[in-house]
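Working notes, beginning with the structure itself.
Throughout, read-outs are computed from the coordinates displayed, never taken from laboratory work. In this text the structure is predicted, and so the values were computed from the model without any measurement. Here the Cβ is made from the backbone with ideal geometry for all residues, glycine too, and neighbour counts use every protein chain on show.
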Amino acid sequence: MLTNSIERLEEIIDAETAALLAHIPIDHQEFNRRKSQSLLELTRLVRVTQSEPMRPEIASRLQDLKAKLDQNHAVLEMNLRAVQEVANIVSGAIQSAESDGTYTAGAHHIAYE
């Protein structure tokens, strides 16, 4: 059961990471729900089997899962930074279009004669 749980979580992580890297629109809320559900299941199964020594193949699978989660985190972070940059550009363009330039930070001083 533990191996199946790890596989399900890996499939979710792999699908989300691949979609993000391919710039395919995804339902972030759905992926977050599925990842949370799968992580909860995995946590419960690990607790149940905690009294038993961990088999080497399970330890290896968990290490692989951690690597996939790390990559997923990096890709999500990269996408979030890109979204923030685009939002800043759009926000700046809107502010520039709405402003008549009277109160901009670019007006450093006024020369009096």
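Nearest 10 degrees is fine. How inclined is helix 28-48 to the longest principal axis of the chain, computing both from alpha carbons?
30
Roughly what angle does helix 56-98 make with the longest principal axis of the chain, taking Cα atoms, 0 to 90 degrees, to the nearest 10?
20
Measure off 7 Å from each Cα along the Cα-to-Cβ vector at Asn32 and Ala82, then give the distance between these two points in nanometres to one decimal.
1.9
Determine the dipole magnitude for the chain: charges of +1 sit on the beta-carbon of Lys and Arg, -1 on that of Asp and Glu, nothing else is charged, the reference point is the Cα centre, and the result goes in debye to the nearest 20.
Values: 11 positive and 17 negative charges, 132 e Å.
Dipole size: approximately 640 debye.
Of Asn79, Pro56, Leu40, which is farthest on the positive side of the dipole of the chain, counting Cα position, with +1 on Lys and Arg Cβ, -1 on Asp and Glu Cβ, and the Cα centre as origin?
Of Asn79, Pro56, Leu40, it is Pro56.
Sorting His23, His28 on the 10 Å Cβ count, fewest up front, what's the list? Each step should come with its number before you reach the end.
Numbers: His23 9, His28 12.
The fewest-first ordering by Cβ neighbours comes to His23, His28.
Could you tell me the relative contact order of the chain? Use alpha-carbon pairs under 8 Å, at least six residues apart, and round to a whole percent. Before the final figure, lay out each step's value.
Numbers: 43 pairs, mean separation 41.8, N = 113.
Dividing the mean separation by the residue count of the chain yields 37 percent.
Compute a Gaussian network model of the chain, connecting alpha carbons closer than 10 Å, and tell me which residue from Glu30, Glu11, Glu98 fluctuates the most.
Comparing Glu30, Glu11, Glu98 in the GNM, the peak value goes to Glu98.
Less than 14 Å Cβ to Cβ from Leu65, Lys/Arg counted +1 and Asp/Glu -1: what total charge do the surrounding residues give? Please list the in-between numbers first.
On the way: positive: Arg8, Lys35, Arg61, Lys66, Lys68; negative: Glu7, Glu10, Glu11, Asp14, Glu16, Glu41, Glu57, Asp64, Asp70.
Summing Lys and Arg as +1 and Asp and Glu as -1 gives -4.
To one decimal place, what orientation-averaged projected area in nm² is obtained for the convex hull of the Cα set of the chain?
Details: hull surface 46.3 nm².
For the chain, the mean projected area of the Cα convex hull comes to 11.6 nm².
Which value in deg cm²/dmol, rounded to the nearest 500, describes the helix-derived mean residue ellipticity at 222 nm for the chain, given -39,500 (n - 2.57) per DSSP H run of n ≥ 4 and division by the residue count? Write out the running numbers ahead of the final one.
Details: 3 runs with 84 residues, N = 113.
It lands at -26500 deg cm²/dmol.
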